[in-house]
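Read-outs throughout are calculated quantities, based only on the coordinates presented, and are distinct from any laboratory measurement. As the structure is a computational prediction, the values presented were derived from the model and not from experiment. We place every Cβ from the backbone using ideal geometry, glycine too, and count neighbours over all the protein chains shown.
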């Protein structure tokens, strides 16, 4: 058990709210268990959301050990990087630490990347720039080598996501669980 954090990429559909995306994602997970299910999928009918069927092309078989169908592709993963989680909670989730799915703009990803680079260039200011957050199974709150490694990993993840995402056609979402 512990804090797991993910960035997901999916098709961007402007008409869909965050709540719509959560509803559609849950419907895919619940209703699509095979390629046959996918062929006959009518997300608009299942969810009552008119634009939901626009997400069908994004539904793919995902996972390695446990395979499932999802419209969300994992493009970033952290484990117990509580300082990164704290940043997302405060800057993306409006302080709601609720394990839900939240959209993350390109500008927010760039802002976090800048903060991480500042921390790596001046680790003495880490507590001010990117503070840790305690929580049940959230890991260490020390500003040590593990903290620094989490920040370095975040830089790599964000650089790749920013480079490989077409923000006109794709959306990025953050989620966590513990």
- In the Gaussian network model of the chain, springs joining C-alpha atoms below 10 Å, which of 61, 113, 101 carries the largest mean-square fluctuation? 61
- Roughly speaking, what is the stretch gain from residue 167 to residue 35, that is 0.36 nm per residue apart minus the C-alpha to C-alpha distance, in nm to one decimal? 44.7 nm
- Expressed in angstrom and rounded, the centroid-to-centroid distance over alpha carbons for the range 19-49 and the range 56-127 is 24
- Task: Please report 133, 117 as a ranked list, fewest other C-beta atoms within 10 angstrom at the top and most at the bottom.
- Result: 117, 133
- Classify the chain as rounded, prolate or oblate, taking a ≥ b ≥ c as the square roots of the eigenvalues of its Cα gyration tensor: rounded when a/c is under 1.5, otherwise prolate if a/b is larger than b/c and oblate if not. prolate
- Message: Tell me whether the range 35-97 comes out rounded, prolate or oblate; compute the Cα gyration tensor, take square roots of the eigenvalues as a ≥ b ≥ c, and use a/c under 1.5 as the rounded threshold.
- Response: oblate
- Task: Show me 18-29, 88-99 ranked by packing, highest mean number of other Cβ atoms within 10 Å first.
- Result: 18-29, 88-99
- Which of these, 131, 103, 57, has the largest mean-square fluctuation under a Gaussian network model of the chain (Cα springs below 10 Å)? 57
- Item | Helix-only [θ]222 nm of the chain, DSSP H runs n ≥ 4, -39500 (n - 2.57) each, per residue, nearest 500 | -12500 deg cm²/dmol
- Message: Using 0.36 nm times the number of residues separating residue 98 and residue 66, minus their current alpha carbon distance, what extension gain do you get?
- Response: 9.1 nm
- Message: Checking the a/c ratio against 1.5 first, then a/b against b/c, what shape does the Cα gyration tensor give for the range 91-154?
- Response: oblate
- Message: Please rank 4, 168, 150, fewest neighbouring Cβ atoms within 10 Å first, as an exposure proxy.
- Response: 168, 4, 150
- Item | Spacing of the two label points (7 Å from each Cα toward its C-beta) at residue 128 and residue 142, in nm | 2.4
